[in-house]
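Engineer: Just passing along the structure, written as structure tokens.
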Amino acid sequence: MPSQVTVSRNARGQYHVSILVEDTIPELEPADRVVGLDAGITSLYTLSTGEKITNPRHERRDRARLAKAQRVLARKEKGSRNRAKARLKVAKIFGRIADRRRDHLHKLSTRLVRENQVIAIEDLSVRNMVKNRSLSRAISDAGWSEFRSMLEYKADWYGRRVVVIDRFYPSSKTCSVCGVLASTMPLTVREWACRCGTVHDRDVNAAKNILAVGLTVTACGDGVRPPRTGWCSWRSGSSPERTSRTERYGSARPVASNGVPVRALR
Ligand SMILES: [Zn+2]
């Protein structure tokens, strides 16, 4: 029996009915796989397994339409009827992008939570404020926080763990094989060679590092508050108890300086 029904209307004039139902979700059998996730620029997400998750289908076309609709809106006279119409059109396209992306992220988060016992991700919450507010960036960032919350509540339902890595951890610059830290790693570098001989795909390497740190946290933490120093240090001010299966990790110290870019964008 539903205990609460909510009707809402969005900017596109669509009505939504939400029904709150109480249910008990049985936890899944423990999984033996673990995964790290890197939120990328060229790929939507990269997994530590090497798999690259791309944007939902039609996203590129929808974004081009959105940009066009916004240009049209900018030309309309303030307060006019045509401006209201143009504004509704922008809202419709924006909403369709968000709907498709949400659907995509729901499928992905369900799959990852089913397959893996531990999912390690990065905390990107502050990036929103520092980076420029381009529209595509805004959509990606909104998608990320939505995706993170999907992972967190689904992990909670099914008895999995989401470990959130501190945003200052240099996941892209650290060699996931030998642990050496590269001195610089501009965003245009997609592939690089470490002095240990390993050639890295930038995003896969980052995802592997995120996973490694996540697993360290899991091993150190596991229900007990870990010591405040070394690998197991928690970031002060954060509250790992906020959601039961989400933990945070403190920042790492640079080790050495090395790293040669192999292939750059364009
Ligand atoms: Zn190395």
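None of the figures in this text is laboratory data; all of them are computed from the coordinates on show. Only a predicted model underlies this, so the values are computations on that prediction, with no experimental measurement involved. Counting neighbours? That spans all protein chains shown, and the Cβs are built from the backbone with ideal geometry, glycine included.
Engineer: Using θ = phi - 60° and the Karplus form 6.51 cos²θ - 1.76 cosθ + 1.60, what ³J(HN,Hα) does each residue of the stretch 22-36 get, whole Hz, x for Gly and Pro?
Structural biologist: For the stretch 22-36, the Karplus curve yields 8, 8, 10, 9, x, 5, 6, 4, x, 9, 9, 9, 9, 8, x Hz.
Engineer: Full extension from Ser149 to Val7: what is 0.36 nm times the residue separation minus their Cα-Cα distance, to one decimal in nm?
Structural biologist: On the way: separation 142, 0.36 × 142 = 51.12 nm, distance 2.27 nm.
Between Ser149 and Val7, full extension yields an extra 48.9 nm.
Engineer: Please compute the modelled spin-label separation between Ala67 and Glu191, points set 7 Å along Cα→Cβ, answer in nm with one decimal.
Structural biologist: Roughly 2.8 nm, to one decimal.
Engineer: Excluding residues on the same chain fewer than 8 positions from Lys85, give the aspartates and glutamates whose Cα lies under 19 Å from its Cα.
Structural biologist: Asp62, Glu77
Engineer: I'd like the distance between the alpha-carbon centres of the stretch 64-112 and the stretch 1-46, rounded to an integer number of Å.
Structural biologist: Taking the Cα centre of the stretch 1-46 as reference, the centre of the stretch 64-112 is 21 Å away.
Engineer: Are any of the pairs Lys68/Lys89; Lys107/Lys173; Lys92/Lys154; Lys68/Lys92; Lys52/Lys89 more than 21 Å apart by Cα-Cα distance, and if so, which? Can you show the working numbers first?
Structural biologist: Working: Lys68/Lys89 10 Å; Lys107/Lys173 30 Å; Lys92/Lys154 29 Å; Lys68/Lys92 13 Å; Lys52/Lys89 32 Å.
Going by Cα-Cα distance, Lys107/Lys173; Lys92/Lys154; Lys52/Lys89 fall outside the 21 Å limit.
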